[in-house]
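Visitor: There's a structure below that I have some questions on.
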Amino acid sequence: MSYNNKIFLQSDFSCLIGVTSLSLNGFYLSSDFITSQNLPASITSLFLYASIGPRINGPVNPLLKSLTFSPNESLSNTIYFSNLKTVVTYTQSDYTSEKLSQFKYINDISTPLKVNSWSFIPINLPSLNNINLTGITFSYLGPNFDISSFSNFSTYKGVGSIYLFDSKNVLPIIPFPPSLLQLTDNVITRISFSMKFSTPQSLLSLSNLKSLSYLNIPNGGQLFQFNGEIPFDLETLPPTLISFLFSGSNLYAGLPNFKSFKNITTLTLRNNSISDQLPIWNVDSTIKTLDLSLNKLKGTLDESYCQLESLYISSNQLSGTIPTCFSCYFINLGSMLDLRIEDTISIDFTIGFDGNNFSNLNLYSDQPPCTTIVPNLRYDSTSGMTYLFGRDLGFGYDYVNSTQFIFILDVPSISYYAITSKPSIGFYIDFTFKFSSTVYRVSSNPYPPQINSISILNDLVIIDGTYFSYNTSIISIEIGGYNCEVLSSTFYQINCNLSTLSTLPPVVSGLVKVGSLTTLLPIPTLNNSVVDTNQCQSLFYCNLNGTCSNQQCICDSKHTGIDCLGRLCLKNCTVNEFCDQTVGECKCSSGWLGSTCQYADHYASSLLQIGDLISLYGWFGTIHNNITINIGSTSCINILASDKIINCTLLTKPNNGYQNVFINQNSIEWIGKNMFKYQEDIKTILCYQNCSGNGKCNTTIGSCTCNQGYSGFDCSSLADLGQGDNKEGQTSIGEIDENAVSTITNSKTSFEIMITKLVEQSINGDIIKEWDLKTNQWLAINDKNNANIFKFNQTLNETDCTIIYTIEQVNNTKEYSFAGYSYSIESGSLKMTISIENYPYSSTLNNLQIQMKSQVSLAISNNNDNDCNEKETQINSSINDNLLNYISIKKDGKQMYGRFLSLMLSDDRSTLMSTSIVSTGNESITLGLNLPYCHKCLIDPDFSVLLSSDFKSSCGNEGDGGRKSYVIPVAIVVSVFGVAMIVAVGFLIKKKKSSIEFKNRLKAINKT
């Protein structure tokens, strides 16, 4: 633009104060318009289009950070980079193709310079020493371009993107620049070269371009190949490369191995004269967009290509049928009158298959309705996602429409996902898919199939209702025991074919199964019959065993129940039987066996021995045919049996140790494992560790009388730390939390006891059923009458079995008598009782096993006074046939004792039990307390925590500070056949947040 032949100066625009960007189109400007400094300081961007006059003969105005220079005149000029060093973004182009500029760029920068992007139309490739560029573009290269300047690629380490365009095809064919491929330690992420290259002598390596993300060679020329293959070594593709475009060559060797493009998501190989057949697509490939247009591909298109997000194969020689995953979304181009943006995408999608010999593609006619879309829904509770999955579901979020959620593409054509809440039962979503008016209703938490009506037309069965599926592969129909072949299905209707319908009775039992959900109902078989299932639908048409009247079933003479499902027994059941209406047969009641349930399912819960006289207590019934009693291998004779007691006399003395008891009557054998031990074997009761040399053993009761200063079951613990060098004592603090976990802490050592499992076992020790007694499932029960008792309750799922765990604080030493054995529990102990009621045994030969876990930990502490006591864990045990068995676990001068009495109360009677070691480890021991079958069982192990005799109450300054915490597991497994267990633990108690301290078993001296 000119005004009265006026040439504009920068000062002519000085009034534009506050303006940040100035764009001038067609102005005559002064030669120094770019370099002078008379523009307002606010202008930082200058755009000169079709300008005449300005030159860059000096430094650009330093206020200008962005400069676009597009002259409308042919210029020949040398531009020095020092004149552009303040410009962050620089673009130089020709306004018209008739007036071309000849700019030569010279790098005279001597110190590092960082700019954004420069775009030139140069006659040379300038050096970029000392320059860091995000991107540089060379376009419209002219015939005078200096090819030798390509060697300057060796200076392009700091360039992020390089674009080179021979738009007019005037450059000679040259080798691909080796200086670029040899460039190490570069930051190049994008390379786009539109020019022709010669054939290389070997495959070109891209290994030095370690940051390369995009490589585009859109017009490399027919010669740019190596033996008919892509001239780049595909094994050297950098792992950062995600887009690879190579076009305009002659790849006569055929398609490359797609597996070589390991991390690439977009692969374009257009117009390369590739003559080949499409292989089966590798579904594990990272490629999401594939463009093979304008080649010579032959053969057919496999369905495996449905898992690409975008596919372009136009103008090839392919034939056959396009898979429905694509054809369902083709459009009629002749109907596209008012184009929208989404229409252009669909047109591009459809045209991507044009120019082949496909039988099901006509760009200018309507496609037939798509019948192959199969949607399914699944909710994943772990991720909180609802997945839409199936067949022919489209290639992006815009293919799926739901008014409730936005679904994001997961796997093309196969699955989508949306963030949702957990669906309620019966929840469903309505979907429509691109170019289809069909509404698909799908449930992610369906009801079982809801049947409304059934129609019969010749061999065709039409089932109408809801909560079916579009996926025929998960639907099965059975009619009278025959499979009805599913032809089609929707959410509302199933069509199946059964050729044998006419051979079946008029109404037969049927089954409709969708996924894992099943509905049973009667189905008619007569031609042209229609059944309204709203009549007694909830009663399954009375299961064909009656008639429906006013929504109520009137059962026939052989059936019973509101739905006539129950079968009446054909004979009267005896007093020991009940009628099992599921099969219409008399079955034995609990506790009875035999063909007419005349024999007792006998068992013994306890045994009493007086000399050679044996008394067995339990349930034996009133019929004792051919009864025999054996204790191990010894017979018990002179048998006198009643329903609850059997008396007999030992023929000879049984073998030593525990023996099994065998009761055989009515050809039914029962075995009581380790139930008997001859009483003469118990002449003396040995003390644990022989009192460690620190006391005297009372062999009558198996208890140590410790010397002064010692305590514990084996007299190995200190009774008084207030002597000699031990001036400071240790106080044990106990805590019972709301999860029924008891914790004992003494100095830095803590013991923790909890119940973890209940296991039902067979006579051979096989696990029949296992119950995980989670700590967070205990329900605390307050005892208002006794503040020292804490109760916890837990009921096993789907049973009436209740476990009550009681912990009593023992404030004062008490004497106890258990199963005829007397003992004491001292002040500061916890008495633990476990009650198990109403456990549903699978067999009278089975027993229960309670697992108790105890673990000791060393807490982190800044107090290192106790470091000299830190020692490895020691485990000792005395498990044999004695009346008393022991274990001890010693850590850091503290010792936990376990005492196990070989007597128990079984159904309120004293009897023997046994203790065995199940397993041991470096820092753990597992014990089994084995009891006979009973309805009420009570056992009495005893646990205490004391200081050992080598404990030092003061370590001076020998410690090394706090230590990392660690856990030493000590698992105590208690086998229980019934109701209760007592555990006494010697430690002090802290109820919740309040501190209630008790004296230790031995006198504890508080730290000062």
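The values are calculated or read from the model by the stated rules, or taken from the named source; none is laboratory data. If you're wondering where the values come from, they're calculated on a predicted model, not measured in any experiment. Cβ atoms come from the backbone with ideal geometry, glycine included; neighbour counts cover every protein chain shown. Remember, those area values only see protein heavy atoms, side chains included, never the ligands or the DNA or RNA. Shrake-Rupley method; radii C 1.70, N 1.55, O 1.52, S 1.80 Å.
Visitor: As an exercise: evaluate Phe407 against (1) surrounded by fewer than 19 Cβ atoms within 10 Å (Cβ to Cβ); (2) within 28 Å of the chain's Cα centre (by Cα) and give the number of the one condition it does not meet.
Guide: (1)
Visitor: Sort out which residues of region 164-176 are modelled with pLDDT under 95, touching a strand residue (DSSP E or B) at 6+ places or on another chain (Cβ under 9 Å) and either of a type in the set (A, V, I, L, M, F, W, C) or crowded, with 17+ Cβ neighbours inside 10 Å (or both), and write them in order of number.
Guide: Selection gives Leu164, Phe165, Asp166, Ile173, Ile174.
Visitor: While we're on this one: Does Phe33 meet the test of being open to solvent by less than 30 Å² (accessible area, probe 1.4 Å) and either of a type in the set (Ser, Thr, Tyr) or at pLDDT below 90 (or both)? Please lay out each step first, then the result.
Guide: Details: open to solvent by less than 30 Å² (accessible area, probe 1.4 Å): yes; either of a type in the set (Ser, Thr, Tyr) or at pLDDT below 90 (or both): no.
Considered against the rule, which asks whether it is open to solvent by less than 30 Å² (accessible area, probe 1.4 Å) and either of a type in the set (Ser, Thr, Tyr) or at pLDDT below 90 (or both), Phe33 comes out as no.
Visitor: As an exercise: evaluate Phe389 against (1) surrounded by fewer than 19 Cβ atoms within 10 Å (Cβ to Cβ); (2) assigned to a loop (DSSP other than H, G, I, E, B) and give the number of the one condition it does not meet.
Guide: (2)
Residue-by-condition table, conditions (1) over 26 Å from Thr300 (Cβ atoms); (2) free of Cβ contacts under 8 Å to residues at least 24 places away in the same chain; (3) not aliphatic (A, V, I, L, M):
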| position | (1), (2), (3) |
| --- | --- |
| Ser365 | no, no, yes |
| Leu377 | yes, no, no |
| Tyr387 | yes, no, yes |
| Val400 | yes, no, no |
| Tyr417 | yes, no, yes |
| Pro448 | yes, no, yes |
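Visitor: Among Ile109, Ile136, which is free of Cβ contacts under 8 Å to residues at least 40 places away in the same chain, surrounded by fewer than 19 Cβ atoms within 10 Å (Cβ to Cβ) and within 25 Å of Pro62 (Cβ to Cβ)?
Guide: Values: Ile136 fails: surrounded by fewer than 19 Cβ atoms within 10 Å (Cβ to Cβ).
None of the other options fit; the residue is Ile109.
One line per residue, one yes/no per condition, for (1) in contact (Cβ under 8 Å) with a residue 40 or more places away in the chain; (2) outside any strand (DSSP E or B):
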position: Met754; (1), (2): yes, no
position: Val759; (1), (2): yes, no
position: Ile768; (1), (2): yes, no
position: Asn785; (1), (2): no, yes
position: Thr799; (1), (2): yes, yes
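Visitor: Where in region 534-595 are there strands (runs of 3 or more DSSP E), lying wholly inside it, with at least 1 residues that are aromatic (Phe, Trp, Tyr)? Before you say what the answer is, go through the steps one by one.
Guide: Working: elements: 546-549, 552-555, 577-580, 585-588.
Passing ranges, in order: 577-580.
Visitor: Can Cys548 be described as touching an Asp or Glu at 6+ places or on another chain (Cβ under 7 Å) and either among the acidic types (Asp, Glu) or touching a residue at least 12 places away in the same chain (Cβ under 8 Å) (or both)?
Guide: The answer is no for Cys548.
Visitor: Can you tell me which of (1) in a strand (DSSP E or B); (2) open to solvent by less than 50 Å² (accessible area, probe 1.4 Å) is the one Thr518 doesn't meet?
Guide: Failed condition: (2).
Visitor: Looking at region 326-347, which of the residues that are assigned to a helix (DSSP H, G or I) and modelled with pLDDT of 90 or more is least open to solvent (accessible area, probe 1.4 Å)? Write out each step before concluding.
Guide: Step one: filter region 326-347 for residues assigned to a helix (DSSP H, G or I), giving 326-327, 333-335, 341-347.
Then drop every residue that is not modelled with pLDDT of 90 or more, which leaves 326-327.
Details: Phe326: 2, Ser327: 21 Å².
Top of the filtered list is Phe326.
Visitor: Only strands (runs of 3 or more DSSP E) wholly contained in region 869-925 count here; list those with 1 or more residues that are at pLDDT below 70, in contact with a Cys (Cβ under 9 Å, 6 or more places away or on another chain) and surrounded by fewer than 22 Cβ atoms within 10 Å (Cβ to Cβ). Can you show your working first?
Guide: On the way: elements: 874-878, 884-891, 894-901, 903-906, 909-912, 914-920.
Fully inside region 869-925 and qualifying: nothing.
Visitor: Which residues, taken from region 243-262, are part of a loop (DSSP other than H, G, I, E, B) and under 17 Å from Asn282 (Cβ atoms)? Even if it seems obvious, please write down each step before you answer.
Guide: The initial filter retains those residues of region 243-262 that are part of a loop (DSSP other than H, G, I, E, B), namely 247-257, 261-262.
Once the filter is applied, which keeps residues that are part of a loop (DSSP other than H, G, I, E, B) and under 17 Å from Asn282 (Cβ atoms), region 243-262 yields Gly254, Leu255, Pro256, Asn257, Phe261, Lys262.
Visitor: Which one of these does Gln609 not meet: (1) of a type outside the set (Val, Ile, Thr); (2) out of contact with any strand residue (DSSP E or B) (no Cβ under 6 Å at 6 or more places or on another chain); (3) open to solvent by 40 Å² or more (accessible area, probe 1.4 Å); (4) under 27 Å from Leu938 (Cβ atoms)?
Guide: (3)
Visitor: Right, here's the next one. Tally time: how many residues in region 501-514 are at pLDDT below 95 and either loosely packed, with under 14 Cβ neighbours inside 10 Å or within 25 Å of Phe431 (Cα to Cα) (or both)?
Guide: Selection size over region 501-514: 4.
Visitor: I'm checking my understanding of the structure. Among residues of region 193-207 that are crowded, with 17+ Cβ neighbours inside 10 Å and under 45 Å from the mean Cα position of the chain (by Cα), which one is nearest to Val159 (Cα to Cα)?
Guide: Result: Leu206.
Visitor: Given the criterion open to solvent by less than 30 Å² (accessible area, probe 1.4 Å), under 25 Å from Ser119 (Cβ atoms) and hydroxyl-bearing (Ser, Thr, Tyr), identify the matching residue among Ser51, Ser23.
Guide: Details: Ser23 fails: open to solvent by less than 30 Å² (accessible area, probe 1.4 Å).
Just a single option satisfies the conditions, and that option is Ser51.
Visitor: Within region 372-386, take every residue that is open to solvent by 20 Å² or more (accessible area, probe 1.4 Å) and β-branched (Val, Ile, Thr) and give me the one that is nearest to Leu311 (Cα to Cα).
Guide: By that ranking, first place goes to Thr372.
Visitor: OK, next. Return a yes/no flag: does region 357-371 have any residue that is open to solvent by less than 70 Å² (accessible area, probe 1.4 Å), modelled with pLDDT of 90 or more and touching a strand residue (DSSP E or B) at 6+ places or on another chain (Cβ under 7 Å). Let's see the steps before the verdict.
Guide: Let us first name the residues in region 357-371 that are open to solvent by less than 70 Å² (accessible area, probe 1.4 Å), namely 358, 360-361, 363, 365, 367, 370.
Next, only the ones that are modelled with pLDDT of 90 or more stay: 358, 360-361, 370.
Add one more test, that the residue is touching a strand residue (DSSP E or B) at 6+ places or on another chain (Cβ under 7 Å), and what stays is 358.
Checked against the condition, which is being open to solvent by less than 70 Å² (accessible area, probe 1.4 Å), modelled with pLDDT of 90 or more and touching a strand residue (DSSP E or B) at 6+ places or on another chain (Cβ under 7 Å), region 357-371 yields at least one hit.
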